[in-house]
Structure formats: C-alpha cells, structure tokens
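The values are calculated or read from the model by the stated rules, or taken from the named source; none is laboratory data. All values reported here derive from a predicted model rather than from experimental measurement. With ideal geometry, Cβ positions are generated from the backbone for all residues, glycine too; neighbour counts draw on all protein chains shown. These area figures cover heavy atoms from the full protein model, side chains too; ligands, DNA and RNA do not enter into them. Shrake-Rupley method; radii C 1.70, N 1.55, O 1.52, S 1.80 Å.
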Amino acid sequence: MNDSSAPTTAVLDVWCELQCPDCRDALDDLRALRARYGDRLELRLRHFPLEKHRHAFAAAQAAEEAAEQGRSWEYVEAVLGRVEELDREGEPFLIEVARELGLEAEEFDTALVDGRHILIVDADQAEGKAIGVTGTPTYVIGGERLDGGKSRQGLRERVEEIADRLLAGSE
C-alpha cells in the first residue's frame with residue numbers, strides 16, 4: 001500500500017539562463033537526472049537572465065515560445081549547446097534554432113517583437129531574486145536552494161539525495 005503522504009513526483013526548479021556557459025555545462029547533469037528518474041522528477045525551467053548577457057532576456061522569451069509549441073527542453077538544450085553563436089548572432093540565432101527544430105519560426109519572431117512572454121520571464125526573475133538566486137544554474141528542490149553558479153561539484157549527487165528522500169515510499 002502506498003504512503004499517501006509521499007509524492008509520486010518531485011519537482012526540480014532549474015533557474016537557468018540560455019546564454020550562460022555554466023548552464024550549458026549543467027546539461028549533462030540534467031540529462032542524467034532525467035535518465036535516472038524519468039517522469040518521477042519534473043524539471044521546471046525557470047528564467048533568470050543575467051544583465052551581463054545581452055541576448056539572455058530574448059532567449060528566455062524564445063524558450064517560452066518553444067514551450068507553447070510543446071518543445072521546451074529540446075529548444076533549451078539546442079540553444080545552450082551553442083551559447084557562443086547566441087552571443088555572436090542574438091535574436092536571429094534564436095529564430096534559426098526554432099527553424100532547425102521544425103518549430104513555427106515566424107511565431108518566435110512575432111513573440112520577440114510583441115513581447116507576449118515577457119511577463120512570465122519577469123515573474124520568474126522576480127521570484128528568483130526573492131528566494132536568493134544570484135546566478136545560474138541554481139536548483140531548488142524540496143525547498144532547498146543549490147547554487148550551481150558557484151560550484152557544480154557534488155551538485156547532482158545532492159539533487160539525487162533530496163529527490164530520493166522526497167520520493168521515498170511513493171512506489
């Protein structure tokens with residue numbers, strides 16, 4: 001019999017910035033977590049564009065458009081894998097990645113112009129600041145904030161430890 005107090009899934013909020021090399025490097029950890037937990041760990045992309053990266057705010061909006069088109073993580077990983085190109089080319093690169101993935105690229109262009117996703121990005125950033133996020137990547141799981149922007153050493157193990165604790169008894 002299941003313990004009704006144990007969740008069937010754990011939520012990992014990933015405070016991320018798509019022009020951030022540290023976030024790109026963290027993709028391996030996120031893939032490993034996805035492989036280990038599958039549907040039992042919900043990865044939620046949370047936006048925290050940093051001022052030092054001039055295309056990060058547009059990239060966050062583009063990621064929201066990708067989510068609206070049902071391909072959020074695929075898009076995020078494609079952009080993060082090429083942060084240097086984003087740095088060089090800016091918004092045209094974001095639209096090109098959408099095109100490469102078979103998404104409706106024109107909608108990305110329109111979304112970046114009309115700002116339809118700005119409120120989501122602003123809300124994430126405000127919440128991040130409120131809970132003490134200062135850099136990316138930062139993870140929040142089970143109410144604990146883990147700062148991957150300072151050091152990724154042992155971070156995945158810590159996330160797994162908390163996820164295992166949250167999921168204990170839910171099988």
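Remarks
- Among the residues of this structure, V79 counts as one that is touching a Phe, Trp or Tyr at 6+ places or on another chain (Cβ under 9 Å), buried (at least 20 other Cβ atoms within 10 Å of the Cβ), among the β-branched types (V, I, T) and modelled with pLDDT of 95 or more.
- Output for the stretch 114-123, where each listed residue is open to solvent by less than 20 Å² (accessible area, probe 1.4 Å) and either in contact with a Ser or Thr (Cβ under 8 Å, 6 or more places away or on another chain) or farther than 17 Å from R44 by Cα (or both): G115
- Of the listed requirements (1) more than 24 Å from G154 (Cβ to Cβ); (2) loosely packed, with under 14 Cβ neighbours inside 10 Å, A58 misses just one: (2).
- Any hit, the stretch 146-162, residues being of a type in the set (S, T, N, Q), in contact with a helix residue (DSSP H, G or I) (Cβ under 8 Å, 6 or more places away or on another chain) and in a loop (DSSP other than H, G, I, E, B): no
- Verdict on D28 being open to solvent by 20 Å² or more (accessible area, probe 1.4 Å), within 17 Å of L146 (Cβ to Cβ) and touching a Pro at 6+ places or on another chain (Cβ under 9 Å): no
- The residue list A126, A111, A130, A168 contains one member that is buried (at least 17 other Cβ atoms within 10 Å of the Cβ) and either within 21 Å of H53 (Cα to Cα) or aliphatic (A, V, I, L, M) (or both), which is A111.
- Residue within the stretch 146-160 that is of a type in the set (K, R), open to solvent by 50 Å² or more (accessible area, probe 1.4 Å) and farther than 30 Å from T8 by Cβ present: yes
- If only residues of the stretch 1-25 that are among the charged types (D, E, K, R) and surrounded by fewer than 22 Cβ atoms within 10 Å (Cβ to Cβ) are counted, the one that is modelled with the lowest pLDDT is D3.
- Sole residue being out of contact with any Cys (no Cβ under 7 Å at 6 or more places or on another chain) and on the phi > 0 side of the Ramachandran plot, chosen from G135, G102, G128: G102
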